[in-house]
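Visitor: Please see the structure below; I have some questions.
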Amino acid sequence: MTKGPLLALLLLFVTPVAVVVAVLGILIVIVTGAASASSSTPSGAALADIPANLLPVYQAAAERCAMPWAVVAAVGKIESDHGRSQAQGVHSGANFAGASGPMQFLAATWRAYGVDGDGDEVADVYNPVDAIHGAANYLCANGAGEGDPARLRSAIWNYNHAEWYVNKVLAQAAEYEEAAASTIAGDYTVPLAASTPGLSQTAMAKPHHDYPAWDFATPTGTPILAAAAGMVAATTSSGACGNGVVIDGTDGHRYTYCHGVSTGVARGESVAVGQQIMLSGSSGRSTGPHLHFQIVVGGTKVCPQTLLLAWSEGIGTNPASAPTSGCTS
Ligand SMILES: [Zn+2]
């Protein structure tokens, strides 16, 4: 990725009050789940990437307001690669935008939100422990700990006023968290974590508006899981499906997931049942954030509703036996 255009773009978003901004990373887009708990388990990727001495600091800092620790860590990753960056302003001085330290604070914001995290009675913007606690303090002050996905997004946006930045932080955070548990029934699972808000039997039984398929309204950034193992036959980034994933199941059936904020798998990739493949959004033909899920058996769309109800109860019903009508309204 090129750094120049990003920096140029970034300058457009910089406001005097924003804490900003090093843009050292790469644009990966996506988002973490609404239900991210501050206590979620670090993924293998997190353990491999986050310095061992800083992981507990991110976790402790997030406890200030029970916000997701992975979001604080993701900010640290994007701002300075956890302090490994040698860019101007990270270890001394300030960068072009006036940002300093591993968490890239503007001087005024640091004065307001800086914290002595390591107990040496100095709040030092270049000290990683102080800077991380200061960043969490600032995110918390903007509502990151309220358990509301929209407030979390808004808190990250306050850190750097750009939607792409919010998506990038949440994508990184999702990578840092162990995927939420799903309810795997034999070879199948409901394509959302069991803890997903609103995922009730009523929601699973809801008819689709036209052809056999299933829609589930859920906030942008909800992890979408593979309902069955298989191989990614295609990903889409436009058209009616928007950002979508088509998986040819090892059971011979075709599974399609639509309207993501972006996809997390590539064509030809093998996926396991319950693996996170996408984060929900409202791309394509969509009137609001939701998952569109459809299953095709031998060229015919079948009704996912009875399958979802079975899978959620631990019964691994094969879609081959699903009805092909009776699930539209
Ligand atoms: Zn639909």
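The values are calculated or read from the model by the stated rules, or taken from the named source; none is laboratory data. Everything numeric in this text was worked out from a predicted model, so none of it was measured. Cβ atoms come from the backbone with ideal geometry, glycine included; neighbour counts cover every protein chain shown.
Visitor: Somewhere in segment 162-177, is a residue more than 15 Å from residue 279 (Cα to Cα), free of Cβ contacts under 8 Å to residues at least 60 places away in the same chain and surrounded by fewer than 20 Cβ atoms within 10 Å (Cβ to Cβ)?
Guide: The answer is yes; a qualifying residue exists.
Visitor: Taking the residues in segment 166-202 that are among the hydrophobic types (A, V, I, L, M, F, W, C) and out of contact with any helix residue (DSSP H, G or I) (no Cβ under 9 Å at 6 or more places or on another chain) as candidates, determine which candidate is modelled with the highest pLDDT.
Guide: Per the criteria, the residue is 192.
Visitor: If you check every pair at least six apart or on different chains, which have Cβ atoms under 8 Å apart with a residue in segment 284-302 that is assigned by TED's automatic domain parsing to the domain that holds residue 241 first and a residue that is near the ligand (Cβ under 9 Å from one of its atoms) and among the acidic types (Asp, Glu) second?
Guide: Correct list of pairs: 290/215; 291/215; 292/215; 293/215.
Visitor: Considering 320, 266, which residue is outside any loop (DSSP other than H, G, I, E, B) and more than 14 Å from the ligand (Cβ to nearest atom)?
Guide: 320
Visitor: Pairs, please: C-beta under 7 Å, at least 6 apart or cross-chain, first residue over 20 Å from residue 196 (Cβ atoms) and in segment 136-149, second β-branched (Val, Ile, Thr) and at pLDDT below 95?
Guide: Taking only residues 6 or more apart or on different chains, the pairs are 138/19.
Visitor: Scan segment 290-311 for residues that are surrounded by fewer than 22 Cβ atoms within 10 Å (Cβ to Cβ) and away from the ligand (no atom under 16 Å from the Cβ) and jot them down.
Guide: 297, 298, 299, 300, 306, 309, 310, listed by residue number.
Visitor: Something else about it: Which residue is nearest to the chain's Cα centre (by Cα), if the candidates are limited to segment 215-243 and must be outside any loop (DSSP other than H, G, I, E, B), surrounded by 24 or more Cβ atoms within 10 Å (Cβ to Cβ) and within 16 Å of the ligand (Cβ to nearest atom)?
Guide: It comes out as 224.
Visitor: Can residue 285 be described as among the basic types (Lys, Arg), at negative phi and away from the ligand (no atom under 13 Å from the Cβ)?
Guide: For residue 285, the condition - among the basic types (Lys, Arg), at negative phi and away from the ligand (no atom under 13 Å from the Cβ) - is not met.
Visitor: Report yes if residue 307 is on the phi < 0 side of the Ramachandran plot and part of a helix (DSSP H, G or I), otherwise no.
Guide: yes
Visitor: When you go through 97, 107 one by one, which is the residue that is in the same structural domain as residue 157 (by TED's automatic domain parsing) and surrounded by fewer than 17 Cβ atoms within 10 Å (Cβ to Cβ)?
Guide: From the options 97, 107, the qualifying one is 107.
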